[in-house]
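Everything below concerns the one structure shown next.
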Amino acid sequence: MTKIYRVKNSSVDIEPHEVFLDKLAHSKEEELGLSEKKFEVPLKEKISYLLFSIFFVLATILFARVFYFQIFEGEKLYTEAENNMRSINLIVPPRGIIYDKNMIKLVLNSPAYDLICDRAYFSGVPIGSSEKISKEIKDIADIIGSNQQDLVDKIQNTNSSEVLVADNISHEQLLTLEARINDFQGCRIRQNTARDYVLGPIFSPVLGYTARINKEEYSSSTGYAINDYIGKTGLEKYYETYLRGKPGQSKPAKSAAGSQSDQALLQLQPEPGNNLVLNIDADLQIRVYNALEKSIKNVGAKKGAAVAMDPRTGAVLALVSYPSYDDNSFSKGISITDYNKILNDPSQPLFNRAIAAKYPTGSTIKPFEASAALQEKIISPDKQINDLGYILIHSQYDPNVVYRYGGVTPHGLVDMRKAIAVSSNIYFYTIGGGYGDQQGLGPSRIKKYLSFFGWDQKTGIDLPGEFSGFIPDPDWKKKTKGQSWWDGDTYNLAIGQSDLQTTPLQVATAYCAIANGGTLYKPQIVNKIISPSAGSSTEAHLKSLGQAATIVKEFLPEIIRSGFIDPENLEIIREGMRDGVNKPYGISAMLNDLPVQVAAKTGTAEIGYQNRFNVWSSVFAPYENPEIVLVVTVEEVQGLGAVTLPVARDVLQWYFSR
């Protein structure tokens, strides 16, 4: 029997909320006791309001969150999304090579690898609260051989977005990290460049070193990543903009979760740095360093310096500071312990004595004082002064008080040439401060001519950290010490004592002016800067390379000053220095058997304690047409034994015999 279902109120449209076919309709039928089946069961009014309320609340919450993220967090989230999808990584360019004058490589590049991690990835969840991040840190620490807590501290204490987790990682570590780098979503391996300094301590005062950029350097520079290397001292610092090159950029695409994709990798290729070609002869540098070290050790001293220059151009042929340090220690990352050991060494190996030490010159000053006396026409070069070994000066306030200024030994009658050759203190007391009927230069004119020779100004050498020198005078003494300038101050200044302070480089530059007839040149270490393409050629090809196509910048001789001493006056000074070598009474006679004729002047400066002296030798050769000036100084030498002349003899013997 077929059942017939009636639909009530068929003329009325069925509303959507009245149609329910599931268990709700069935339950309603049973409640009302209806026997026939119905298509719709009306909802209670309360249920409708409840459903509407739930929908409204959810919609309100969703809208509020969208509004908050869009208005208040929009910029931040946009930046983070951009960084996540297109984080820019700098590609370190190959640093320029440095060559000596004969195209011998002094600095090379070797590949190095760093592990860089994103600080935001690890610090987004407190370390230890995320099992995944904790495992990553543990695995990384195990691979690089680090303490896990130290790694956590490094991440948490780094202010930059990138954390240098490990630098210069070993080959074994590199292989392991490359195999597992996708497991460490917040990390990447970055190729870097480590500098190899071929001759280490012999060249470190010249070349300097590179190390990680610090906060101050990073904030004042452009084109550097927070963990990049930068030149810290020497030529590496002075020519940083040329050696550095231009970094490239990589833009790896990342997923929203931060995992890196191999797709859509955009690159801006790095441009290698330019190369430097020096005026320095590497073989000469080695010879000077070894000879200086040997002589210093022979007399029980510890410190010294030497500078060799071409007096025709101002080119620096060698520059040595002893003791030195191994710049490779810094370029490859030096430990705190090793750094403190170098820093606390009383011999100060990091200090470049050749350009920054403050020395009294002793008798090294005498040729310059003599040239001033001739230029001022206060004495004839042939006038003889009787050197009794001392002079006696009566006090202008009390005639009964007599001051004695002595020399090393009496020399009898000496003219200017012989006075230079034997280094007569009495002669230079006389022309410096005046004595008897002989007028002296006085402190003002002494300072004037020493300034002409550059002893109170930086030479302008292309190295950072040069000392400007200092020449005392009466005004300075009055202002700083509150004392008057006495005759004794002038006598002491006349023989290179008192508060006079110069550097070996300043002395060498001044002796170049004597050697070449009166031109003071700016000392220059770098001869030219060449393009990086030239650096990739073979050395044999480089030596025959056409300069016009490869030279980025060339440094021509630069004159600081000239014409302040007449050439004929300087010729007398040169003759006196030559007599110091080839006359029986000359104090530099040990240089008389060299392959070429040499002119020289020595100096010994008292330093005020334990019978110790700073000892100098200044030479130029060949005498008729000088091509090298060599200045050597050794600090705190016990007694008056020969220490610098043997260095000059060894170097010049080799230089003119090779």
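The values are calculated or read from the model by the stated rules, or taken from the named source; none is laboratory data. This is a predicted model, so every value here is computed, not measured. FYI the Cβ positions are ideal-geometry reconstructions off the backbone, even for glycines, and counts take in every protein chain you see.
With respect to the numbered conditions (1) surrounded by 14 or more Cβ atoms within 10 Å (Cβ to Cβ); (2) under 24 Å from the mean Cα position of the chain (by Cα), which one is the sole condition not fulfilled by residue 111?
Failed condition: (1).
Would you mind stating whether residue 300 is at pLDDT below 95, assigned to a loop (DSSP other than H, G, I, E, B) and crowded, with 21+ Cβ neighbours inside 10 Å? Don't jump to the end; show me each part of the working.
On the way: at pLDDT below 95: yes; assigned to a loop (DSSP other than H, G, I, E, B): yes; crowded, with 21+ Cβ neighbours inside 10 Å: no.
No, not satisfied.
Conditions tested, residue by residue: (1) at pLDDT 95 or above; (2) of a type outside the set (S, T, N, Q); (3) assigned to a loop (DSSP other than H, G, I, E, B).
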site: 545; (1), (2), (3): no, yes, yes
site: 548; (1), (2), (3): no, yes, no
site: 557; (1), (2), (3): yes, yes, yes
site: 561; (1), (2), (3): yes, yes, no
site: 565; (1), (2), (3): yes, yes, yes
site: 569; (1), (2), (3): yes, no, no
site: 573; (1), (2), (3): yes, yes, no
site: 578; (1), (2), (3): yes, yes, no
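So, in the range 332-380, of the ones that are part of a loop (DSSP other than H, G, I, E, B) and β-branched (Val, Ile, Thr), which residue ends up surrounded by the fewest Cβ atoms within 10 Å (Cβ to Cβ)? Break it down stepwise before answering.
Taking the range 332-380 first, the residues part of a loop (DSSP other than H, G, I, E, B) are 332-335, 344-352, 357-358, 360-361, 376-380.
Next, from what is left, pick out any that are β-branched (Val, Ile, Thr): 334, 361, 378-379.
On the way: 334: 18, 361: 27, 378: 16, 379: 20.
Within the range 332-380, the match that is surrounded by the fewest Cβ atoms within 10 Å (Cβ to Cβ) is 378.
Output the residues belonging to the range 389-416 that are of a type in the set (A, V, I, L, M, F, W, C), farther than 30 Å from residue 632 by Cβ and surrounded by 13 or more Cβ atoms within 10 Å (Cβ to Cβ).
391, 393
(1) at pLDDT 95 or above; (2) touching a Phe, Trp or Tyr at 6+ places or on another chain (Cβ under 7 Å); (3) not basic (Lys, Arg): which one isn't true of residue 405, the others all being true?
Unmet for residue 405, out of (1) at pLDDT 95 or above; (2) touching a Phe, Trp or Tyr at 6+ places or on another chain (Cβ under 7 Å); (3) not basic (Lys, Arg): (1).
Only one of 601, 583 is of a type in the set (Lys, Arg) and within 34 Å of the chain's Cα centre (by Cα); which?
Details: 583 fails: within 34 Å of the chain's Cα centre (by Cα).
Exactly one of 601, 583 is of a type in the set (Lys, Arg) and within 34 Å of the chain's Cα centre (by Cα), namely 601.
Which ones in the range 511-534 are outside any strand (DSSP E or B) and either modelled with pLDDT of 95 or more or surrounded by 21 or more Cβ atoms within 10 Å (Cβ to Cβ) (or both)? Show your work before the answer.
Step one: list which residues in the range 511-534 are outside any strand (DSSP E or B), which gives 511-518, 522-523, 525, 531-534.
Answer for the range 511-534, where residues must be outside any strand (DSSP E or B) and either modelled with pLDDT of 95 or more or surrounded by 21 or more Cβ atoms within 10 Å (Cβ to Cβ) (or both): 511, 512, 513, 514, 515, 516, 517, 518, 522, 523, 525, 534.
List the residue pairs whose Cβ atoms are under 6 Å apart, where the first residue sits in the range 326-341 and is outside the structural domain of residue 232 (by TED's automatic domain parsing), the second is part of a loop (DSSP other than H, G, I, E, B) and not charged (D, E, K, R), and the two are 6 or more positions apart or on different chains.
327/209; 330/209; 331/209; 332/168; 333/168
Would a scan of the range 467-479 turn up a residue that is on the phi > 0 side of the Ramachandran plot and surrounded by fewer than 20 Cβ atoms within 10 Å (Cβ to Cβ)? Give the derivation first.
Taking the range 467-479 as the starting set, the residues that turn out to be on the phi > 0 side of the Ramachandran plot are 469.
Applying the additional criterion that residues be surrounded by fewer than 20 Cβ atoms within 10 Å (Cβ to Cβ) yields none.
No, there is no match, as no residue in the range 467-479 is on the phi > 0 side of the Ramachandran plot and surrounded by fewer than 20 Cβ atoms within 10 Å (Cβ to Cβ).
For residue 158, indicate whether it is farther than 21 Å from residue 224 by Cα and in contact (Cβ under 8 Å) with a residue 12 or more places away in the chain.
On the way: farther than 21 Å from residue 224 by Cα: no; in contact (Cβ under 8 Å) with a residue 12 or more places away in the chain: yes.
No.
Conditions tested, residue by residue: (1) farther than 18 Å from residue 419 by Cα; (2) assigned by TED's automatic domain parsing to the domain that holds residue 646; (3) crowded, with 21+ Cβ neighbours inside 10 Å.
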{"position": "570", "(1), (2), (3)": "no, yes, yes"}
{"position": "573", "(1), (2), (3)": "no, yes, yes"}
{"position": "585", "(1), (2), (3)": "no, yes, no"}
{"position": "596", "(1), (2), (3)": "yes, yes, no"}
{"position": "601", "(1), (2), (3)": "no, yes, yes"}
{"position": "606", "(1), (2), (3)": "yes, yes, no"}
{"position": "614", "(1), (2), (3)": "yes, yes, yes"}
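Can you tell me which residue in the range 554-570 is nearest to residue 241 (Cα to Cα), limited to those that are among the charged types (D, E, K, R) and without any contact (Cβ under 8 Å) to a residue 40 or more places away in the chain? Talk me through it step by step, then tell me what you get.
First pass over the range 554-570, keeping only residues among the charged types (D, E, K, R): 554, 558, 561, 566, 568.
Right, trim to without any contact (Cβ under 8 Å) to a residue 40 or more places away in the chain and you get 554, 568.
On the way: 554: 16, 568: 45 Å.
For the range 554-570, the residue satisfying everything is 554.
Report yes if residue 487 is modelled with pLDDT under 95 and in contact with a helix residue (DSSP H, G or I) (Cβ under 7 Å, 6 or more places away or on another chain), otherwise no.
Numbers: modelled with pLDDT under 95: yes; in contact with a helix residue (DSSP H, G or I) (Cβ under 7 Å, 6 or more places away or on another chain): yes.
So residue 487 fits the description; yes.
How many residues does the range 593-610 contain that are under 19 Å from residue 295 (Cβ atoms) and without any contact (Cβ under 8 Å) to a residue 60 or more places away in the chain?
Taking the range 593-610 first, the residues under 19 Å from residue 295 (Cβ atoms) are 593-594, 598, 600-605, 607.
In the following step, the residues that additionally are without any contact (Cβ under 8 Å) to a residue 60 or more places away in the chain were identified as 593, 598, 600.
Final tally of qualifying residues: 3.
Any residue that is outside any helix (DSSP H, G or I), among the polar types (S, T, N, Q) and closer than 27 Å to residue 414 by Cβ - is there at least one of those in the range 434-441?
To start, the set of residues in the range 434-441 that are outside any helix (DSSP H, G or I) comprises 434-441.
Those left that are additionally among the polar types (S, T, N, Q): 438-439.
The next check asks that each one be closer than 27 Å to residue 414 by Cβ; those that pass are 438-439.
Yes, the range 434-441 contains a residue that is outside any helix (DSSP H, G or I), among the polar types (S, T, N, Q) and closer than 27 Å to residue 414 by Cβ.
Name the residues in the range 480-494 that are outside any helix (DSSP H, G or I) and buried (at least 16 other Cβ atoms within 10 Å of the Cβ), would you?
First, the residues of the range 480-494 that are outside any helix (DSSP H, G or I): 482-486.
Those that are outside any helix (DSSP H, G or I) and buried (at least 16 other Cβ atoms within 10 Å of the Cβ): 485, 486.
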